[in-house]
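Novice: Below is the structure I would like to discuss, written out as structure tokens.
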Amino acid sequence: MAATVQTLAVRGFHATTADEIVRLAGTSKGLLWHYFADLDELFEETARRTLGLLTEAVASSIDLRAPAPAVIRAAVRAAAALRLTHGPERRAMREIVQNLRRADGELRFTQRDLDDLYTAQEAIVRRGQSDGDFRDDVDPRLFAVTYQGAVDSMLDHLDANPDLDPERSARVVADILISGVATGRGG
């Protein structure tokens, strides 16, 4: 899977082949096909594991016991840092998510595949509501979806503009997100 990530990050989805992956991995196609039925299955499993790796990279760098606004600020900062710390993984993930399709032509990855991530983000929002930092009328799932969309867009913007300061970008995105839900007491 590490060779798959590296190949996707450099060559892109449509130019990535099993031959290139096994060459980079130093293994054989026979071994590859022993574990995966086809490239689609390899890409899907690579995306799932990579999402877990990226999520853990963000979560491990923040104090989840801090007040909810501080958790969100730290998470946005940590996500912005992924641009430098996990660039190949992010590029591979984007290639898979934007290109891997089911037999009917529909994208294989959808928001449903982020349910666990959204659930964790919802818990932070609910805690912020319980602590009085976030408004009670905010739908935690909608905030989680909005948060993830804002972070993903920020990362795309940073990728397209490498001269931008990721810390400043993270601060602005966190300010926008928190100001939309804060009671005025927290944040």
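Novice: Exactly one condition in (1) under 15 Å from residue 4 (Cα atoms); (2) in contact with a helix residue (DSSP H, G or I) (Cβ under 6 Å, 6 or more places away or on another chain); (3) small (Gly, Ala, Ser) is not met by residue 79; state its number.
Specialist: Failing condition for residue 79: (1).
Novice: From (1) farther than 18 Å from residue 87 by Cα; (2) at pLDDT below 95; (3) under 22 Å from the mean Cα position of the chain (by Cα); (4) of a type outside the set (Lys, Arg), pick out the condition that doesn't hold for residue 160.
Specialist: (1)
Novice: Filter segment 1-56 down to the residues that are in a helix (DSSP H, G or I), β-branched (Val, Ile, Thr) and in contact with a helix residue (DSSP H, G or I) (Cβ under 7 Å, 6 or more places away or on another chain) and list them by number.
Specialist: Once the filter is applied, which keeps residues that are in a helix (DSSP H, G or I), β-branched (Val, Ile, Thr) and in contact with a helix residue (DSSP H, G or I) (Cβ under 7 Å, 6 or more places away or on another chain), segment 1-56 yields 4, 5, 7, 21, 22, 46, 50, 55.
Novice: Among the listed residues 177, 155, 107, which satisfies the condition of being under 23 Å from residue 16 (Cβ atoms) and either under 16 Å from the mean Cα position of the chain (by Cα) or crowded, with 17+ Cβ neighbours inside 10 Å (or both)?
Specialist: Numbers: 177 fails: under 23 Å from residue 16 (Cβ atoms); 107 fails: either under 16 Å from the mean Cα position of the chain (by Cα) or crowded, with 17+ Cβ neighbours inside 10 Å (or both).
Among 177, 155, 107, only 155 is under 23 Å from residue 16 (Cβ atoms) and either under 16 Å from the mean Cα position of the chain (by Cα) or crowded, with 17+ Cβ neighbours inside 10 Å (or both).
Novice: Turning to a different aspect of this structure: Quick check on segment 36-53: of everything there that is in contact with an Asp or Glu (Cβ under 9 Å, 6 or more places away or on another chain) and of a type outside the set (Gly, Ala, Ser), which residue is nearest to residue 117 (Cα to Cα)?
Specialist: Looking at residues that are in contact with an Asp or Glu (Cβ under 9 Å, 6 or more places away or on another chain) and of a type outside the set (Gly, Ala, Ser), I get 51.
Novice: Could you figure out which of (1) free of Cβ contacts under 8 Å to residues at least 60 places away in the same chain; (2) under 24 Å from residue 176 (Cα atoms); (3) not hydrophobic (A, V, I, L, M, F, W, C) isn't true of residue 46?
Specialist: (2)
Novice: I'd like to know if segment 10-22 contains one or more residues that are of a type in the set (Asp, Glu), touching a Ser or Thr at 6+ places or on another chain (Cβ under 6 Å) and farther than 29 Å from residue 178 by Cα.
Specialist: yes
Novice: Out of the residues in segment 1-56 that are under 15 Å from residue 99 (Cα atoms) and more than 21 Å from the chain's Cα centre (by Cα), which is surrounded by the most Cβ atoms within 10 Å (Cβ to Cβ)?
Specialist: Only one residue tops the list, namely 16.
Novice: Looking only at residues in segment 131-152 that are touching a Ser or Thr at 6+ places or on another chain (Cβ under 9 Å) and within 27 Å of residue 98 (Cβ to Cβ), which one is surrounded by the most Cβ atoms within 10 Å (Cβ to Cβ)?
Specialist: The selected residue is 144.
Novice: Something else about it: Scan segment 110-130 for residues that are in contact with a helix residue (DSSP H, G or I) (Cβ under 7 Å, 6 or more places away or on another chain) and either among the aliphatic types (A, V, I, L, M) or crowded, with 17+ Cβ neighbours inside 10 Å (or both) and report the count.
Specialist: Total meeting the criteria: 9.
Novice: If you check residue 94 against the conditions, is it within 16 Å of the chain's Cα centre (by Cα), modelled with pLDDT under 95 and under 20 Å from residue 20 (Cβ atoms)?
Specialist: Details: within 16 Å of the chain's Cα centre (by Cα): yes; modelled with pLDDT under 95: yes; under 20 Å from residue 20 (Cβ atoms): yes.
Yes, satisfied.
The values are calculated or read from the model by the stated rules, or taken from the named source; none is laboratory data. Everything quoted here is computed from the prediction, not taken from an experiment. All Cβ positions, even for glycine, are placed from backbone atoms using ideal geometry, and neighbour counts span all protein chains on display.
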